[in-house]
């Protein structure tokens, strides 16, 4: 039996619910191995999700939704990618690991709220403007399969930022761990 094609907004909302569930599982997880596995799953889901939004959904909505909202979405993605790179490079024994996952969770909650807001959110604006969300959904589903296959074969790629350009970052002295 063939699967019903999923509209882009429904697909993105399903991704949001999945990641929210993963963050909740991380918060209650015990043990470094379980936390690392969940954090990697969160980063994988967000990597795929941000890619299909940036490559397909956002360009498909360009000119149909508020430009400021679209620009903010790219910047929010890039901020999340920086933290995801930190999470992937670290491990649960690191001093700020859990804090980084928590901040990522909060960033994603904010981003999801802006996309899903009933009247003025990105998804509502796209629907109201008549964006062909079914065609976008079909493209996104194909790209999602490609990305997941690539990650399964080669691991998570280094995050690519689209709005953060021309910056130089210097690693300062690490924050000292509190005395036991």
What angle, in degrees between 0 and 90 and rounded to the nearest 10, separates the Cα long axis of helix 67-89 from the longest principal axis of the Cα atoms of the chain? 30 degrees
Using only Cα atoms, tell me the angle between helix 32-52 and the longest principal axis of the chain; keep it within 0 to 90° and round to the nearest 10. 30 degrees
Taking Cα pairs closer than 8 Å and at least 6 residues apart, the relative contact order of the chain in percent is 34 percent
From the list [x] 72, 39, 21; [y] 58, 42, 30; [z] 48, 38, 25, can you say which value of Cα extents along the principal axes in Å was derived from the structure given? [y]
Among 142, 107, 122, determine the one that fluctuates most according to a GNM of the chain built with springs between C-alpha atoms less than 10 Å apart. 142
Per its Cα gyration tensor (rounded if a/c is under 1.5, else prolate when a/b beats b/c, else oblate), the range 90-155 is best filed as oblate
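Coordinate-derived values only; no laboratory data. A quick note: this is a predicted structure, and the numbers were derived from the prediction, not measured.
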